[in-house]
Structures are given as C-alpha cells and as structure tokens.
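Shown next, in structure tokens, is the structure this report addresses.
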Amino acid sequence: MISLQIFTFNAYSENTYVLYDESGACVIIDAGMYSGAEQNTLTAFIRDRNLRPELLLNTHCHIDHVFGNKFVFDQWGLKPQLHEGELPVLQAVPAYAPQMGFYNYELSPLPETFLPESGSVTFGHSTLELIFVPGHSPAHLCFYAKDEDLLIAGDTLFYGSIGRTDLPGGNHEQLITNIRGKLFALPDSCTVYPGHGPATSIGLEKRRNPFLAGAAS
C-alpha cells in the first residue's frame with residue numbers, strides 16, 4: 001500500500017512528492033528543493049521513517065521541478081528518470097536559471113534510463129503506471145497508482161485549472177486533448193496530486209474545471 005508525503009518547495013511553491021510502501025522503499029517525484037533548509041526537510045523525513053530511496057522521477061523538467069535532482073544524486077546516488085523528450089528542457093535549465101534569479105542551481109545529472117510513453121515503474125512492492133500527457137511541456141509524464149486511486153499529475157491538471165502552455169514546447173490544444181482523453185479516462189474518484197496547489201479529483205475537474213467545460217458529457 002502506497003503512502004504519500006507532500007512537500008512544497010522553492011519560490012514557485014512546487015509540490016515534491018515522496019511515495020513509499022511497507023517495504024521501506026520510496027520514490028521521489030519532482031525534487032524541487034532549492035535551499036539547504038528544504039534539502040534538510042526532505043532528508044529528515046526519509047531518515048526518520050527509515051525509507052530507502054529507489055527512484056528519482058521527473059514528470060517534466062522545468063526548473064522548479066528539477067532544482068533538487070543534483071542533491072538527490074549526491075545523497076542517494078539516483079539519477080533522474082524521465083521521458084527522453086524532456087531532455088532538451090532539462091539541458092536548457094542552466095542557461096536560464098541565473099536570468100530567473102537562481103544563481104545556486106546545481107546541475108542535474110543526466111538520465112541513464114529514459115521512461116517510455118506507457119508502461120510502468122516499480123519500487124518496493126508497488127507499481128506506478130505511466131501516462132504520457134504532453135502539452136505543458138514536450139514529453140510530460142504522469143504517474144498513476146491504480147490500487148491507491150491516485151495520480152501524480154505534475155503540471156497538467158490542477159484544482160480548477162490546467163498547466164500553462166506558453167513556455168517552449170507547450171501546446172494548449174494538445175494538453176486539453178490529452179487531459180480529456182487520458183486523465184479523464186481514470187475513475188472519477190481518483191485523487192489528483194498536482195505540481196502546484198491543492199489536490200483535487202478527476203470527477204471534480206470534469207464537472208467544474210473552466211478550461212475543460214463539457215468534458216463530463
């Protein structure tokens with residue numbers, strides 16, 4: 001059974017997730033810690049619960065979701081796993097980080113393993129299914145825990161909103177199509193944990209999300 005811990009890190013209030021199960025294995029998704037205090041918060045949680053990090057996953061590679069990749073590698077020897085289409089996004093970060101005021105960005109290690117558009121990843125006794133939802137970024141992945149009825153959605157679907165599509169590689173129509181066709185195929189009861197802001201559910205967003213009007217019909 002997967003348990004979930006949410007941390008809100010960095011100047012963008014990005015949600016970093018630690019998923020873990022009864023085996024003690026855990027996965028870190030979208031490591032967003034930037035400051036030393038944020039790094040310490042994550043480390044203390046993992047240490048105090050005797051967790052064993054096995055995977056570092058990125059839904060996508062915008063700066064606020066990869067700040068902590070280097071720290072995770074230094075602490076636990078994990079390189080990020082992401083879709084290969086996000087590699088140019090990751091490689092672009094060092095050039096623009098100073099322009100955004102982030103002078104202490106630590107260069108993320110490059111992946112050794114890329115994730116496909118579908119399939120799954122495993123840690124401990126648990127499985128996360130991959131759902132390919134480009135639109136906010138070129139090759140965005142979501143991670144779905146079927147038994148727990150939860151989705152780590154990154155910057156695709158938010159409480160009452162959707163991911164922005166005005167950044168390089170963004171495509172508004174593509175994002176809308178993918179949310180309706182892929183995420184809205186999940187059960188209405190599925191809890192959605194986004195990259196920013198509070199959790200929501202598939203059913204709630206079908207009914208009330210103003211960007212997806214009529215999606216429930």
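The number of residues in the stretch 130-173 that are surrounded by fewer than 16 Cβ atoms within 10 Å (Cβ to Cβ) and either of a type outside the set (Asp, Glu) or at positive phi (or both) comes to 8. The set of residues in the stretch 1-33 that are under 16 Å from the mean Cα position of the chain (by Cα) and over 23 Å from residue 128 (Cβ atoms) comprises 10, 12, 13.
Looking across the stretch 70-90, just one residue is closer than 17 Å to residue 136 by Cα and over 16 Å from the mean Cα position of the chain (by Cα), and that is 88. Of the residues making up the stretch 110-127, those that are closer than 17 Å to residue 72 by Cβ and part of a strand (DSSP E or B) number 3. Cβ-Cβ distances below 6 Å connect the following pairs, each with a first residue in the stretch 48-61 that is assigned to a strand (DSSP E or B), a second residue that is polar (S, T, N, Q), and a separation of six or more residues or different chains: 57/81. Scanning the stretch 181-217 for residues that are of a type in the set (Phe, Trp, Tyr) and assigned to a helix (DSSP H, G or I) returns 184, 211. Scan the stretch 98-105 and give yes if some residue there is closer than 19 Å to residue 35 by Cβ, part of a helix (DSSP H, G or I) and not small (Gly, Ala, Ser), otherwise no. Scanning the stretch 98-105 turns up at least one residue that is closer than 19 Å to residue 35 by Cβ, part of a helix (DSSP H, G or I) and not small (Gly, Ala, Ser).
For the stretch 58-113, filtered to residues that are closer than 24 Å to residue 151 by Cβ and of a type in the set (Asp, Glu), the residue that is surrounded by the most Cβ atoms within 10 Å (Cβ to Cβ) is 86. Among the residues making up the stretch 138-149, those that are in a strand (DSSP E or B) and aliphatic (A, V, I, L, M) are 141, 145. Checking each residue in the stretch 155-180 for being part of a helix (DSSP H, G or I) and either among the acidic types (Asp, Glu) or closer than 17 Å to residue 205 by Cβ (or both) picks out 172, 173, 175, 176, 177, 178, 179, 180. Residue count for the stretch 1-50, restricted to those that are aliphatic (A, V, I, L, M), out of contact with any Leu (no Cβ under 7 Å at 6 or more places or on another chain), crowded, with 18+ Cβ neighbours inside 10 Å and closer than 18 Å to residue 150 by Cβ: 2. Among the conditions (1) touching a Phe, Trp or Tyr at 6+ places or on another chain (Cβ under 7 Å); (2) part of a loop (DSSP other than H, G, I, E, B), residue 135 misses just one, which is (1).
Read the figures in this text as sums done on the coordinates, not as results from a lab. Just so it is clear, the structure is predicted and the values come from calculations on it, not from any experiment. Virtual Cβ from ideal backbone geometry, glycine too; neighbours counted across all protein chains shown.
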